[in-house]
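Laboratory data are not the source of any read-out in this text; all were calculated from the coordinates shown. Worth saying up front: this structure is predicted, and the values here are computed from it rather than measured. All Cβ positions, glycine included, derive from the backbone under ideal geometry; neighbour counts span all protein chains shown.
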Amino acid sequence: MAVRTLGVVMNGVTGRMGYRQHLLRSVLAIREQGGVLLPDGSRVQLDPLLVGRNEDKLAEMAKLHGLTKWTTDLDAALGDDAYPLYFDAQLTAVREKSIIKAIDAGRHIYTEKPVAESVEGALDLARRAAAAGVKNGVVHDKLYLPGLLKLKRLVDSGFFGRILSVRGEFGYWVFEGDWQPAQRPSWNYRAEDGGGITVDMFCHWNYVLENLFGGVQAVTARTATHIPARWDEQGAEYQATADDAAYAIFELTDGVIAQLNSSWCVRVHRDELVEFQVDGTHGSAVAGLHGCRVQPREVTPRPVWNPDLRETQSFRDQWQEVPDNGEFDNGFKAQWEQFVRHVVADTPHPYDFLAGVRGIRLAEAGLKSSDEGKRIVLGDVAV
């Protein structure tokens, strides 16, 4: 069968995430494999048009990867009917206006999260996309990771029995930037630039929780700015105005309680940078980005609390590794392929702008809970 071509305007590819995960490991990897396989056995190849603010960076990136199409003029890119799909990996502060332009141009939209800076802004995008009849999707990359795919397999199989609770730890030490360069860009720590770990991570936690364990019904959170001063990319000291840690309790459907800690001020004493422990009546599991271990009730040990004696058994050795039972592709690439099939062949892709709305809504609720010191109950959202 002949290979079709789908033009993609890629905005924000000079940033770390836009370049590494979306251009290099997704779109270019898809091109190298000969395109996206469609249900009818044919393929669609991607034709990227790179967009950004820095002409020199775009030209260098295009040359490095053998690409010929790039521009600093977003309006011109959106005006080219050879590119019906728009992708956005810009800073959150400028994303909403660009997506509106893409919707007005009749382009299908695939975007990083948060989709906008507020629930109202995200809802406006969902309504505009619905009125324009354009397909839309939001990156939900964590769902495609090997560890969480294994965890989903366990949930779907009924391994846990009745799920009781979820406990998650995410984070690592991000250097302040004075004596060692920071591993994250400085805007992450400025609220005025869209920074903050709550806005960043609660959008992830919302889709992880609702797709594996149940929708979030209420949240109680406490945020903090543990490190008030940092140093930017030029070595200049600045005041951190955004939260760098968030501690939250999420109440899910069917009575499941989730406790998730998110911090850029924690030193890692885990196997992976993020881990989730799920406890159920029939068994428990601990999943990270790649690994997943289980302990069914039939082999659960019988610990006895005795602070006077040193513990002799190794609790970690009593868990069993869940096998891969297959090959796992890059999570970002896998969702790119799913969304391309949605655009070209109308196959399902449930992670739309409304999913993005629920993500930013949870972030707003977490910040409100911390500011007001109270539990925030969430309702339904609809276009």
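For region 65-216, compute Rh as the Kirkwood radius over C-alpha pairs and then the Stokes-Einstein diffusion coefficient at 4 °C and 1.567 mPa s; write the answer in µm²/s, rounded to an integer.
Working: Rh = 18.3 Å.
D = 71 µm²/s.
Compute the distance in nm between two label points, each set 7 Å from the Cα along the Cα-to-Cβ direction, one at ARG16 and one at ILE227.
Taking the simple label geometry, ARG16 and ILE227 are separated by 1.2 nm.
About the Cα centre of region 322-383, how large is the charge dipole given +1 on each Lys and Arg Cβ and -1 on each Asp and Glu Cβ? Please answer in debye to the nearest 20.
In debye, rounded to 20, region 322-383 gives about 320.
For the chain, what percent of Cα pairs sit more than 37 Å apart?
Values: 18026 of 73153 pairs.
Counting every Cα pair in the chain, those more than 37 Å apart make up 25 percent.
Checking a compactness column here: for region 305-383, what do you get for Rg(Cα) / (2.2 N^0.38 Å), N being the number of residues?
Working: Rg = 22.2 Å, N = 79, 2.2 N^0.38 = 11.6 Å.
Cα-based Rg divided by the globular estimate yields 1.92.
For THR111, enumerate residues with amide H under 5 Å from its amide H, sequence gap 5+ or separate chain, H modeled in the peptide plane.
ASP88, GLY137, VAL138, VAL139
Quickly work out the GLN318-to-LEU289 label distance, labels modelled 7 Å from Cα along the C-beta direction, and quote it in nm with one decimal.
3.0 nm
When averaged across all projection directions, what area in nm² does the alpha-carbon convex hull of region 324-369 cover?
Details: hull surface 20.2 nm².
It is 5.0 nm².
Starting with the highest mean, order 151-160, 210-219, 5-14 by the number of other Cβ atoms within 10 Å, averaged over the residues of each peptide. Don't skip to the answer; put the middle values down first.
On the way: 151-160: 16.2, 210-219: 19.4, 5-14: 22.2.
Going by the mean number of other Cβ atoms within 10 Å, highest first, we get 5-14, 210-219, 151-160.
Could you work out the relative contact order of the chain, using alpha carbon pairs under 8 angstrom and six or more residues apart, expressed as a whole percent?
Numbers: 775 pairs, mean separation 77.0, N = 383.
20 percent.
Take the Cβ-Cβ distance between GLN277 and ALA236 as r, set R0 to 56 Å, and report the resulting FRET efficiency rounded to the nearest 0.05.
On the way: r = 41 Å, r/R0 = 0.73.
The computed FRET efficiency comes out at 0.85.
Of the residues ALA236, ALA224, ALA246, which exhibits the maximal mean-square fluctuation in a Gaussian network model of the chain defined by a 10 Å Cα contact cut-off?
Fluctuation is largest for ALA236.
Taking all pairs of distinct Cα atoms, average 1/r, flip it, and tell me the Kirkwood hydrodynamic radius of region 184-320 in Å to one decimal place. Spell out each step's value before the answer.
Working: mean 1/r = 0.0565 Å⁻¹.
When all Cα pairs of region 184-320 are included, the Kirkwood radius is 17.7 Å.
Give the span of region 80-166's Cα atoms along each principal axis, as three whole-Å numbers ordered largest to smallest.
50, 29, 25
Per residue of the chain, what 222 nm ellipticity follows from adding -39500 (n - 2.57) for every DSSP H run with n ≥ 4, rounded to the nearest 500? Mind showing how you got there, number by number?
Numbers: 9 runs with 110 residues, N = 383.
After summing the helix terms and dividing by residue count, I get -9000 deg cm²/dmol.
How large is Rg/Rh for region 38-141, to two decimals, with Cα atoms and a Kirkwood Rh?
Numbers: Rg = 14.6 Å, Rh = 14.8 Å.
Rg/Rh for region 38-141 comes to 0.99.
What nm value, rounded to one decimal, do you get for the distance between THR72 and ALA29 when each label is placed 7 Å out toward the C-beta?
About 3.2 nm separates the two model spin labels.
So for each of 69-79, 102-112 I average, over its residues, the number of other beta carbons within 10 Å; can you give me the resulting order with the highest mean first?
Working: 69-79: 15.9, 102-112: 22.7.
Result, highest mean Cβ count within 10 Å first: 102-112, 69-79.
Given the peptides 250-261, 353-364, arrange them by the average over their residues of other C-beta atoms within 10 Å, most packed first. Can you show the working numbers first?
Values: 250-261: 17.9, 353-364: 24.9.
Most protected by this proxy first, the peptides run 353-364, 250-261.
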